[in-house]
Amino acid sequence: MQEYTIAVVGLGYVGLPLARLFATKYPVVGFDINRKRVGELMEGHDLTLEVEDDILQSALVKENPFNNHHKGLYCSCNLDDIREANIYIVTVPTPVDKNNRPDLTPLIKASETVGKVIGKGDIVVYESTVYPGATEEDCIPVVERTSGLVFNKDFFAGYSPERINPGDKEHTVEKIKKVTSGSTPETGKIVNELYRSVIAAGTHLAPTIKVAEAAKVIENSQRDINIAFVNELAKIFNRMGIDTHEVLEAAGTKWNFLPFKPGLVGGHCIGVDPYYLAQKAQEYGYHPEIILAGRRMNDTMGEYVASQVVKCMIQKGMCVKAANLLVLGITFKENCPDVRNTKAVDVVKNLEEYGIEVTVYDPWANPDEVTHEYGVESLKELSPEKKYDAIVLTVAHNEFLDVDWKQYLKPEGVVYDVKGVLQEIANERL
């Protein structure tokens, strides 16, 4: 296979940057079932802000590049537009359900989509984070059943886990080393060469798809466990009256001390991926104690923050019920509009259970998306006249760092700083 025509299925935080990158060298069609999303992209604007408008616009072409084999990106929700691809790359979300069980529904539907158009000799590459075995045991059978083709005879597969860090303009897709793999040794080489042609940081060819899947799922599980450890330290040191950040700063002077900080652990990766590994482990008869303990710790931090805020208010003699409180930030991380699986919402919901009237302010978040996903109203602007009994910073957006928050605070009001960035005015920090 010498001339690649690439279809990227799913144009979200992972798919769009990847499609744009491949379009610098190959004909690429990005496919998504969201017509509104496709329309906005073809107009040259990415609401996720992962690809700057000028860069996106320079990559776009007005008609399907498969027709003339010229490089460029064309976005479509028409299945026929990706029928002539010979490389299919699946970049759809892999969430968990309300019981924290892996939900492969988007992945199965994407596999059905690929199965309807894949041809003999084609390769389908999965980038979505999954447990070891999901590609070959859950996804490929769907492609086989839908297409009528035989795996590793008529078509082949690869797995190259995404390493996108939403909002990070330094570690962009081409600057992060990419793990690759294939269902046969020859397929692995093809997939590896394809990615290496656009990934400046280079690639690492794993020996099997399962190894690549396992490598991805432990990357975020490792971070989750480390953050859970410092969250537990924060709870311990808080009882002792010791500042956790000062402890971590002192311990960080040792050359091999890992620089993790306490906080809310949400998002589409760290807060989700450990459950995928845990589920698969349990299917093999092993109960993963450390992984699930880390998840339990991090999943309860929203409740803990709310309880600490209320404790501060009571200690100051404030009436908690009907108090006005301002929460700064509702996205899952700073300087990013992504609200998927944000744990800032847990803080809001728990504060409201105390009878507190909560106002959420986030200049990055889409208010409609926040309301749709969580039933929470989010403001993009604050009224300078309103004063609050308490302010809780949950997300360290740059816009929050240089504001004099005392102007929004009632006399003797409480400031609780989850991220440890408001040192001069915070009554307490996590």
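Here are the numbers for the structure shown:
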| item | result |
| --- | --- |
| Cβ crowding within 10 Å averaged over residues, with 185-194, 264-273 ranked highest first | 264-273, 185-194 |
| Chain lengthening between residue 255 and residue 193 when straightened (0.36 nm per residue, less Cα-Cα) | 18.6 nm |
| Cα centroid separation - the stretch 151-183 against the stretch 370-411, whole Å | 37 |
| Two-site label geometry, residue 382 and residue 120: point separation in nm, points 7 Å out along Cα→Cβ | 6.6 |
| Proximal aspartates and glutamates relative to residue 343, as straight alpha-carbon distance under 13 Å, when same-chain residues fewer than 8 apart are discounted | 299, 303, 334, 373 |
| Residue-normalised accessible area of the chain, expressed per residue, 1.4 Å probe, Å² | 46 |
| Proximal aspartates and glutamates to residue 189, defined as alpha-carbon separation beneath 15 angstrom and excluding residues fewer than eight positions away on the same chain | 122 |
| For the chain, calculated [θ]222 nm from helices alone, where every DSSP H run of n ≥ 4 adds -39500 (n - 2.57) | -11000 deg cm²/dmol |
| Percent carbon-and-sulfur accessible area, the stretch 356-407, ignoring ligands, DNA and RNA, probe 1.4 Å | 45 |
| Set 380/410; 316/419; 178/333; 254/316 screened for pairs whose C-alpha atoms are more than 29 Å apart | 254/316 |
| C-alpha long axis of helix 344-353 to longest principal axis of the chain, angle in ° | 40 |
| Set of aspartates and glutamates with alpha-carbon distance to residue 120 below 17 Å, sequence-local pairs under 8 removed | 3, 80, 84, 112, 144, 154, 186 |
| Percent accessible area from carbon and sulfur atoms, the stretch 108-220, protein chains only, probe 1.4 Å | 53 |
| Solvent-accessible surface ranking, highest first, for 364, 405 at 1.4 angstrom | 364, 405 |
| Percent antiparallel among DSSP beta bridges (both partners in the chain, rounded to 5) | 5 |
| Listed residues 338, 103 arranged by accessible area, highest first, probe 1.4 Å | 103, 338 |
| Sorted peptide list for 12-20, 216-224, criterion being average Cβ within 10 angstrom, highest first | 12-20, 216-224 |
| Rounded Å value of the spacing that divides the Cα centres of the stretch 1-55 and the stretch 274-327 | 36 |
| Listed residues 108, 199, 314 arranged by accessible area, highest first, probe 1.4 Å | 314, 108, 199 |
| Computed over the stretch 86-241: relative contact order in percent, which uses C-alpha pairs under 8 Å that are six or more apart | 19 |
| Rounded tilt (10° steps) of 209-240 against the dominant C-alpha axis of the chain | 0 |
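The values are calculated or read from the model by the stated rules, or taken from the named source; none is laboratory data. Quantities reported herein were computed from a predicted structural model and do not represent experimental measurements. Cβ coordinates were reconstructed from backbone atoms using ideal geometry, including for glycine residues, and neighbour counts include every protein chain displayed. When the accessible area is computed, the model is the full protein with side chains, heavy atoms only, and any ligands, DNA or RNA have been set aside. Shrake-Rupley method; radii C 1.70, N 1.55, O 1.52, S 1.80 Å.
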